[in-house]
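The block underneath contains the structure these notes are about, expressed in structure tokens.
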């Protein structure tokens, strides 16, 4: 009150100066210790950003040419994968399981690369883990539970992530052109990984858990909704712990890269794909 | 609407009788219609009934309770070519009621653009008792089954999202979805479960054999048929074609020659060497009308099938142990002195077995107008 009266008595220049101070105070409000107080009664939000790349280069579907460790040039025409059963780990070691978390990340759909987790308890999160694929329970669940990312009625041919003839989801799908693939295969490579362990008979289980730690905590608060920015290296599908040469792969004329969990397992695709993920950084953005 | 362990109500002895009864009932109704005002409508027939000689079904009805409107929707969908890319192929194309819902006469089933599949379409009957579907058991839930033929390039060559979109744009369908589910929303689950509802009503359990084993009045088998029934057990057919369903639902290699082309069968799904060349044991119900036989339809007649078991079984990898027995060959039988696997069967035994197999024909099932296109 006194200040305002004072301003009224002074020149307009003083008013401007004070405004500047006030606005500076407002800008620094985020670093106000009050904003970092955890409110246990209110849940917050956290976003997982899946930023698909090939090595050090952005992923551009269809157009860009990349090279694997054998020097074979390839394009990426489709890159999709399921992320499920997300678990957030706090600095104190406790965990929070995100309920009913099933997401289909598609390079062709930007919105699918931002997975917004809502209703998250406030806290400092330093780790995230998830299943790469759709867990076996959900893979065998009634059709009424197959909603959202799990609804096979939403995929269509271009993003088909479901094996109708061998009931199950395709966990990771990478395909594109390569001069290393023979013409009778249309110069097209297809690496599809599925296989949840079988329902009516035990089959290969290609599910993998990805566990990551963050370089700095993601601070979920009433007014802070962090983003954990992950880099997902599609190049690792061929160049992970196992190095895959498309030339030698397609030398075998019976090679079936799309319909065989067994072939995917033998190639080492599940482990390679487990290694695609890293946390690049965390930004604790105001909400 | 599920009635358990109760005999099918009002089973006529013969179709002809059934037809006459129908006519009589109709005449009666017409006669009554003029004057009767207090007559209550006939109670609805149950949509699904477990024949008294059947085990309990395995389908999880609690997830998909049958309703009259749901079954009607499923029936509409089953007979609609729009489930295929160009509108030409409905489910009924390869699953024709008159042939116990098989693709009669085709060894391999033809789909869109007359493209040829690799397998012979299986009959659709008693699906509520099936634990897995397809010759290789690749689909484990009836509710998930239709996606396979819809999206198969040689069958219907369509995508599930496209089918749902076509239905959403058709007022006749949105109206029926509303009747069945309360709102007109067309979802994957509703679409698939309606198809299941219709398919679940396809129960075949009223053959002459069934009425005979249920000891229904007037149900008889001839001496040859009874002899065939005894052979069916004594020769071991019933070891695999077991129980009231005439299948143990397991996967077995019955020694088919690989000269007709190699199909890995169950190993296509499990990718296990011990499953190579094994296929689901098919039911023998209505087998008189489900030919040709085997996963690739190689045998055009039942005689050819029995001849295979008597003289054609080959010792391919994973041949079922039950077919490896050769010690029971006795004098007078066709394969005396031979050491090849199979089931020794004389011509007379084969004739009697076939006579028995034909008692599994359920004419009511093959002609039930509830199962036909509306």
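Of note:
- The protein assembly as shown: calculated mean residue ellipticity at 222 nm from DSSP helix runs of at least 4, using -39500 (n - 2.57): -7000 deg cm²/dmol
- For chain A, built as a Gaussian network whose Cα springs stay under 10 Å, the top-fluctuating residue of A:215, A:182, A:142: A:142
- Prolate is the label for the range B:203-300, because a/c, from the alpha-carbon gyration tensor with a ≥ b ≥ c as root eigenvalues, is 1.5 or above and a/b exceeds b/c.
- Fewest-first sequence of A:162, A:189 by Cβ atoms within 10 Å of each Cβ: A:162, A:189
- For the pair the range B:84-121 and the range A:192-265, the centres of their Cα atoms are 38 angstrom apart.
- Directionally averaged projected area (convex hull, Cα atoms, chain A), nm²: 20.8
- Length-normalised contact order of chain A in % [C-alpha pairs under 8 Å, at least 6 apart]: 23
- Mean silhouette area of the range B:208-363, derived from the convex hull of its C-alpha atoms and averaged over all directions, reads 9.5 nm².
- Shape category assigned to the range B:64-204 from the gyration tensor of Cα positions, a/c cut at 1.5: oblate
- Using a Gaussian network model of chain A in which every pair of alpha carbons under 10 angstrom is joined by a spring, one finds that among A:112, A:164, A:178 the greatest mean-square fluctuation is at A:164.
- The fewest-to-most ranking of B:69, B:303, A:72 by surrounding Cβ atoms within 10 Å reads B:303, B:69, A:72.
- For chain A, a Gaussian network of Cα nodes joined below 10 Å ranks A:161, A:238, A:199 by mean-square fluctuation, and the top entry is A:199.
- Contact order, relative form, for the range B:208-363: 29 percent (alpha carbon pairs under 8 Å, 6 or more residues apart, mean separation divided by residue count).
- The tail of the calculated P(r) for the range A:143-231 beyond 24 Å holds 49 percent of all Cα-Cα pairs.
- Relative contact order of the range B:64-204, defined on C-alpha pairs under 8 angstrom at six or more residues apart (%): 31
- Rounded to 10°, Cα long-axis angle of helix A:12-27 versus longest principal axis of chain A: 40
- Averaged over peptide B:266-273, the number of partner chain Cβ atoms lying within 10 Å of each residue's Cβ comes to 6.
- 10 Å Cβ neighbours from other chains, averaged over peptide A:192-201: 4
- Fraction of alpha-carbon pairs over 41 Å apart in the protein assembly as shown - percent: 43
- Shape class of the range A:68-177 from the alpha-carbon gyration tensor: oblate, with a/c at 1.5 or above and b/c at least as large as a/b.
- Inter-chain Cβ neighbour average for residues A:131-143, partner chain, 10 Å: 2
- Evaluated on the range B:167-244, the Kirkwood hydrodynamic radius is 16.4 Å, with distances taken between all distinct Cα atoms.
- Summarising the strand pairing of the protein assembly as shown, around 85 percent of its internal DSSP beta bridges are antiparallel.
Throughout, read-outs are computed from the coordinates displayed, never taken from laboratory work. Owing to the predicted nature of the structure, the values given are computational and were not obtained by experimental measurement. Every residue, glycine among them, receives a Cβ derived from its backbone with ideal geometry; neighbour counts consider all protein chains shown.
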